[in-house]
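> Below are the structure tokens for one structure; questions will follow.
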Ligand SMILES: *Cc1c(COP(=O)(O)O)cnc(C)c1O
């Protein structure tokens, strides 16, 4: 049987069975649902996009995969070149992997080894409160999830701070000679509860990281490709290492990339073989994933997705304007993300089925009802998603 994610298998409800998907819609045998979650935020172009499907079919007719150990190919070299041009600053060195969590592992390993390669014994990571960086062990360690503490106990060597400048400065005052990196989901913390914060915090972090020679890592697995209303938060403040996943392939195939700047790459580039980065996921640089990622980025540029996202944000602000309810703590909106935070998780119990019956797929968690829609959504479809969210409170 299938062991489903984040579920107590004994009490979970039957999952909705999807038989087809196209555009913003997923289809069960008898219903058509707008996917307001974009399949965990990755499906930015909607389902079954003809250009992306064509790209992956064409590549499958040539070859689907060869390993990157000792081999290379056109889709992966083209994607690395494309990312070099598409990403800000000197984020030019692409290490590919098969998922966001692994790409985070690679980023942390890079940062740690960057320091050991130069003989430094730094042993601590700075991270944010409510951080989420994936489900593998090191990613969980730098994350700040109560479930982790509950299941695996306390952890050493990670300092968690709120997104406030004073806390940031205080952490650096205390531990500046022990941090090897600061890892953050920039502007928008997703799985920790759609928490939004200001770029000024990141600018100050960049200054302090420069001052104390600490590597700055942006985990843009969720925020990358426009979700915050910026192409990348890295366009505002440039990190030393950038992690991309989720929307990277337009939702077609699991693939991710850890992109290093020149300084980080130089920390490994040496005559000493022990200074090499010892990592290599089997499916890194997968040819299907790379060919579809290339087309996904091309669509993002030529179809002016940033304009689509601005429109989504404007419509969302208009529709949510004036919405209040005593059970609602806050409504937060940033780019292509809207979150209604309630005081009591019980308030959202039953909402998923309520939305389903009205033609919307939603997946609230804890105290958060949210939407991260595919960017190709039409205005009336977006309005429907937001109406369903509001109607839940107006019953
Ligand atoms: C989803 C997510 C990850 C993990 O990516 P997977 O592909 O699920 O392993 C890491 N960081 C952030 C910020 C994410 O949202």
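> Of all residues being within 14 Å of the chain's Cα centre (by Cα) and closer than 20 Å to residue 209 by Cβ in segment 128-138, which is nearest to the ligand (Cβ to nearest atom)? Just the residue, please.
Looking at the filtered set, the residue picked out is 133.
> Restrict the check to segment 87-100 and report whether at least one residue is without any contact (Cβ under 8 Å) to a residue 60 or more places away in the chain and either surrounded by fewer than 23 Cβ atoms within 10 Å (Cβ to Cβ) or within 15 Å of the chain's Cα centre (by Cα) (or both).
Scanning segment 87-100 turns up no residue that is without any contact (Cβ under 8 Å) to a residue 60 or more places away in the chain and either surrounded by fewer than 23 Cβ atoms within 10 Å (Cβ to Cβ) or within 15 Å of the chain's Cα centre (by Cα) (or both).
Conditions tested, residue by residue: (1) over 15 Å from residue 253 (Cα atoms); (2) assigned to a helix (DSSP H, G or I); (3) at pLDDT below 95.
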| residue | (1), (2), (3) |
| --- | --- |
| 53 | no, yes, no |
| 57 | no, yes, no |
| 60 | no, yes, no |
| 65 | no, no, no |
| 71 | yes, no, no |
| 77 | yes, yes, no |
| 80 | yes, yes, no |
| 83 | yes, yes, no |
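> Could I ask something else about it? Based on this model, can you work out whether residue 251 counts as in contact with a strand residue (DSSP E or B) (Cβ under 8 Å, 6 or more places away or on another chain), at positive phi and within 12 Å of the ligand (Cβ to nearest atom)?
yes
> Here's something else I'd like to know. Which of the residues that make up segment 178-188 are touching a helix residue (DSSP H, G or I) at 6+ places or on another chain (Cβ under 7 Å) and in a loop (DSSP other than H, G, I, E, B)?
Listed by number, the residues that qualify are 186, 187.
> Further question: Evaluate the following for residue 314: is it in a helix (DSSP H, G or I) and touching a residue at least 12 places away in the same chain (Cβ under 8 Å)?
Criteria not met by residue 314.
> Being surrounded by fewer than 23 Cβ atoms within 10 Å (Cβ to Cβ), more than 16 Å from the ligand (Cβ to nearest atom), farther than 29 Å from residue 281 by Cα and modelled with pLDDT of 95 or more is the requirement here; does residue 164 meet it?
So residue 164 fits the description; yes.
> For segment 357-372, which positions are out of contact with any helix residue (DSSP H, G or I) (no Cβ under 6 Å at 6 or more places or on another chain) and closer than 12 Å to residue 227 by Cβ?
Correct list: 370 only.
> Determine which single condition residue 92 fails, assuming it passes every other condition in (1) closer than 28 Å to residue 193 by Cα; (2) in contact with a strand residue (DSSP E or B) (Cβ under 9 Å, 6 or more places away or on another chain); (3) away from the ligand (no atom under 16 Å from the Cβ).
(1)
> Let me spell it out: the conditions are (1) within 16 Å of the ligand (Cβ to nearest atom); (2) part of a helix (DSSP H, G or I), and residue 174 meets all of them except one. Which number is the exception?
With respect to (1) within 16 Å of the ligand (Cβ to nearest atom); (2) part of a helix (DSSP H, G or I), residue 174 is out only on (1).
> Condition test on residue 106, is it in a helix (DSSP H, G or I), within 16 Å of the ligand (Cβ to nearest atom) and within 22 Å of the chain's Cα centre (by Cα)?
yes
> Report the residue count in segment 195-227 for those that are within 16 Å of the ligand (Cβ to nearest atom), surrounded by 24 or more Cβ atoms within 10 Å (Cβ to Cβ) and farther than 16 Å from residue 165 by Cβ.
Of the residues in that region, 10 qualify.
> Which condition number in (1) assigned to a helix (DSSP H, G or I); (2) surrounded by 18 or more Cβ atoms within 10 Å (Cβ to Cβ) is the one that residue 387 fails?
Residue 387 satisfies every listed condition except (2).
> Taking only segment 113-127 into account, find how many residues are under 15 Å from residue 209 (Cα atoms) and outside any loop (DSSP other than H, G, I, E, B).
Number of matching residues: 6.
The values are calculated or read from the model by the stated rules, or taken from the named source; none is laboratory data. Predicted model only: the values in this text are computed from it and were never measured. Cβ coordinates were reconstructed from backbone atoms using ideal geometry, including for glycine residues, and neighbour counts include every protein chain displayed.
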